[in-house]
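Worksheet: the structure to be examined is printed underneath.
The values are calculated or read from the model by the stated rules, or taken from the named source; none is laboratory data. None of these values were measured; they are calculated from a predicted model. Quick reminder, even Gly has a Cβ in these numbers, built from the backbone with ideal geometry, and neighbours come from all protein chains shown. The area values use the complete protein model at the heavy-atom level, side chains included, leaving out ligands, DNA and RNA. Shrake-Rupley method; radii C 1.70, N 1.55, O 1.52, S 1.80 Å.
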Amino acid sequence: MKTNRAVRTPGGLSFRMDVRALVVAVLLLLVALTASVVLIGTGDFPIPAADVIRTLLGEGDPGQEFIVTELRLPRVLVGLLVGVSLGLGGALFQSISRNPLGSPDVLGLGQGATAGALVMIVLFSGTANQVAVGALIGGLVTGFAIYVLAWKRGVHGYRLVLVGIGVSAIVTAVNGYLLTKSDIVDAARAVVWMTGSLDGRDWDQVWPLLALCVILVPLVLANSRGLRMMEMGDDISYALGVRVERVRLLLMLSAVLLTASATAASGPVGFVALTAPQLARRLTRSPGPNLVASMCMGAALLVSADWISQRSFGAEQLPVGVVTGVLGGVYLLWLLVTERKAGRI
């Protein structure tokens, strides 16, 4: 059965639609939304899923409405948006570098955002909003440094990954230095932030991240054709009319902004950006960046991991970054073994 179908609009436009990729994206979106409803109903005051849906539609009682809309819904929305941002950012970096290891986790963007947050915590004792701004600036500065150092008549795959690994090692050392120079209170606060958690997230974290996603997601999807062409090589892309460096710079900047803003909202939640695009590609069995499926997979992974962190360890609630770190570490080992057997590393 063909999975690619040509679709023609009444206006004369035509495009190809990958039916399997569309079905996978829809199913992953349903998984993410279902997990969100279950997560909203989970807690010291459990709420049935049907009541959660009624409350979200404005038909719940005042008590349920307060619990859902003020206490639990912001946390879930931040989780969904962070998952979307990390999934899309990871897919962009892996496609640009043409390397399954070319994710923000490996390239050091998370460590750069962490450095910016640590500067605000350790040196300035900043507020939560100031820490978020510091993380965003740190991620942007790190992304700019990687791009400049990797530039040599363009930015290419393995050079980008190798430079990113080097920058990551340097920034990790800086983060360790900042921690050793902080007092015990700031150090404890910094370590909690560095774990990656959705605890205490409210509407103040939802709106900036939502606004950034509303701007960047359509921008990235509008340039997805150029990204797909670039996976065939720069020479072929130039021949097909793609302005390679312009598209690459725009998409890299978008990926850095998505990753840094996600880190600013939740702390460095590890391995979602690495695993989501690869899992999405294996489900869709489709070449190319699989941007939409990666976004949906990232959202589903993060919300599911948050539910696991709350319900699978008894009375103790783990930060979501611990769960994604364990699951992502296992996946990374599997990926390395698979790539080695295939002779690609």
Compare the peptides 289-296, 169-176 by average per-residue count of other Cβ atoms within 10 angstrom and give them in order, highest first. 289-296, 169-176
Using θ = phi - 60° and Karplus 6.51 cos²θ - 1.76 cosθ + 1.60, couplings along segment 186-200 (whole Hz; Gly, Pro as x): 5, 5, 5, 5, 5, 5, 4, 5, 5, 5, x, 8, 9, 4, x
Calculate the radius of gyration of the Cα atoms of segment 159-233 to one decimal place, then report Dmax, the largest Cα-Cα distance, as a whole number, both in Å. 18.7, 52
Using a 1.4 Å probe on heavy atoms of the protein chains only, the accessible area for Glu59 in Å², nearest 10, reads 130 Å²
When the solvent-accessible surface of protein heavy atoms is calculated with a 1.4 angstrom probe, in what order do Trp151, Trp193 fall, highest first? Trp151, Trp193
To the nearest 10 square angstrom, what accessible area does Phe93 show with a 1.4 Å probe? 10 Å²
At 37 °C and 0.692 mPa s, the Stokes-Einstein diffusion coefficient in µm²/s for segment 65-214, with hydrodynamic radius from the Kirkwood sum on alpha carbon pairs, is 199 µm²/s
Under the Karplus curve 6.51 cos²θ - 1.76 cosθ + 1.60, θ = phi - 60°, whole-Hz ³J(HN,Hα) for segment 167-179, x wherever Gly or Pro sits: 4, 4, 5, 5, 5, 4, 5, 4, 4, x, 5, 4, 5
Expected-Rg normalisation [2.2 N^0.38 Å, Cα atoms] applied to segment 36-75: 0.95
How would you order 82-91, 299-308 from highest to lowest mean count of nearby Cβ atoms within 10 Å? 82-91, 299-308
Counting every Cα pair in segment 17-110, what percent are over 24 Å apart? 41 percent
With the 8 Å Cα cutoff and a minimum separation of six or more residues, segment 207-306 has a relative contact order in percent of 23 percent
For segment 99-115, take each phi angle, set θ = phi - 60°, evaluate the Karplus expression 6.51 cos²θ - 1.76 cosθ + 1.60, and give the result in whole Hz per residue in order, putting x for glycine and proline. 8, x, 8, x, 10, x, 5, 7, 6, x, 5, x, 5, x, 5, 5, 4
Over the chain, the sum of -39500 (n - 2.57) across DSSP H runs of at least four, divided by residue number and rounded to 500 deg cm²/dmol, gives at 222 nm -23000 deg cm²/dmol
Mind grabbing the accessible area of Thr275 for me, 1.4 Å probe, Å², rounded to tens? 10 Å²
Which length gain, in nm to one decimal place, applies between Asp61 and Leu30 when the Cα-Cα distance is subtracted from 0.36 nm times their residue separation? 8.6 nm
Could you pull the Cα extents of the chain along its three principal axes, largest to smallest, in whole Å? 60, 54, 40
DSSP loop trypsin sites (Lys or Arg not before Pro) with at most 14 other Cβ within 10 Å: longest gap in the chain: 3-151
Where the centroid of each part is defined by its Cα atoms, how far is segment 271-345 from segment 200-230 in Å? 20 Å
Relative intensity, log₁₀ I(q)/I(0), of segment 75-164 from a Debye sum that treats every alpha carbon as a point, q = 0.15 Å⁻¹: -0.63
Which of the listed residues, Thr180, Gly126, Val155, is farthest toward the dipole's positive end in segment 93-190, when Lys, Arg count +1 and Asp, Glu count -1 at the beta-carbon? Val155
Rh (Kirkwood; distinct C-alpha pairs) - segment 223-345, Å: 16.5 Å
